[in-house]
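Novice: Have a look at this one before I ask anything.
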Amino acid sequence: MQVGIIGGTGPAGRGLAIRAALAGHDVRLGSRDAERAASVAASLLGDHDYVLHGCANEEAALAELVVVATPWDAVVATVRPLAAALDGKVVISMANALAKQGRELLALLPPRGSMAGQLQAAIPTARVTGALHHLPASKMEDVGSGLRADVLVCGDDPDAREVTCRFVDSIDGLRAVEVGSLAQAGAIEAFTAVFATINVRHKVHSTLLLGGI
Ligand SMILES: NC(=O)c1ccc[n+]([C@@H]2O[C@H](COP(=O)([O-])OP(=O)(O)OC[C@H]3O[C@@H](n4cnc5c(N)ncnc54)[C@H](OP(=O)(O)O)[C@@H]3O)[C@@H](O)[C@H]2O)c1
């Protein structure tokens, strides 16, 4: 599958890009600056010949499946001008609205209850899902880290949820767990604050692994 990552030069985008490329996807790592994207993509590739190249966010938005990996407060402004390119597509939101206070991360409440909801409102003809929120970027980028994680997937369009689950399951170490509608996104995103605070307190990069399923 062609996978475009908008805001792909940050830790979250880089980790996802390399793992998706390893899984055999054709990855377009996007940025506001195509040259920066090209140099990040080259650094991720090293001597390997996976299909991964850097490009402008506008080109990443042309892929079959698109992931939005900008900071939460840049999501709407970044994606709104790309609405036509994203029409009808599955667009995965991985953004978490968080604020740091001392050694804790606190969940913020975005206007529509979640960043995924805000994204869906900004690009109403796309099929937005929420996923990948709890993955530790450093472990994603280190492909030898032995990462194992469950990934909670939500969205209003059942087919979009299925496509998202298939994409997640294609990546080594990840298992998709379908949750339900986009109304679940607020709780999923807010839980990242708990997760990140645990990681700071215990100096770890823990992952979500659900028992009994
Ligand atoms: N870091 C993690 O462990 C992790 C895990 C799961 C989910 N997430 C979520 O994934 C998203 C990305 O996380 P990150 O840590 O990779 O973030 P980041 O490094 O702060 O930002 C990612 C990229 O977004 C672009 N960007 C920055 N400011 C922007 C702006 N004002 N407008 C448009 N683009 C902008 C930058 O790329 P260019 O300058 O190249 O355009 C940057 O490299 C966040 O929403 C976060 O909540 C993060």
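The numbers here are math on the coordinates, done by the rules we state, and not lab data. This is a predicted model, so every value here is computed, not measured. Here the Cβ positions follow ideal geometry from the backbone for every residue, glycine too, while neighbour counts run over all protein chains shown.
Novice: If I filter the stretch 160-176 for residues that are touching a residue at least 24 places away in the same chain (Cβ under 8 Å), closer than 21 Å to Thr78 by Cα, touching a strand residue (DSSP E or B) at 6+ places or on another chain (Cβ under 8 Å) and buried (at least 21 other Cβ atoms within 10 Å of the Cβ), do I get at least one hit?
Specialist: no
Novice: As an exercise: evaluate Thr129 against (1) among the polar types (S, T, N, Q); (2) touching an Asp or Glu at 6+ places or on another chain (Cβ under 6 Å); (3) away from the ligand (no atom under 13 Å from the Cβ) and give the number of the one condition it does not meet.
Specialist: (2)
Novice: Next question. In the stretch 116-133, what count of residues is obtained for those that are closer than 13 Å to Gly186 by Cβ and either among the aromatic types (Phe, Trp, Tyr) or part of a helix (DSSP H, G or I) (or both)?
Specialist: Going through the stretch 116-133 one residue at a time, the tally reaches 5.
Novice: Where residues in the stretch 136-156 are in a loop (DSSP other than H, G, I, E, B) and surrounded by fewer than 18 Cβ atoms within 10 Å (Cβ to Cβ), which of them is farthest from the ligand (Cβ to nearest atom)?
Specialist: Filtering the stretch 136-156 for residues that are in a loop (DSSP other than H, G, I, E, B) and surrounded by fewer than 18 Cβ atoms within 10 Å (Cβ to Cβ), the one farthest from the ligand (Cβ to nearest atom) comes out as Asp156.
Novice: Hey, among the residues in the stretch 10-51 that are under 21 Å from Leu86 (Cβ atoms) and surrounded by fewer than 24 Cβ atoms within 10 Å (Cβ to Cβ), which one's farthest from the ligand (Cβ to nearest atom)?
Specialist: Residue satisfying both the conditions and the ranking: Asp26.
Novice: Considering only the stretch 51-80, state which residues are outside any loop (DSSP other than H, G, I, E, B) and either β-branched (Val, Ile, Thr) or closer than 16 Å to Arg127 by Cα (or both). Break it down stepwise before answering.
Specialist: Of the stretch 51-80, the ones outside any loop (DSSP other than H, G, I, E, B) are 52-60, 65-68, 72-80.
Residues satisfying the conditions are Leu65, Val66, Val67, Val68, Val75, Val76, Thr78, Val79, Arg80.
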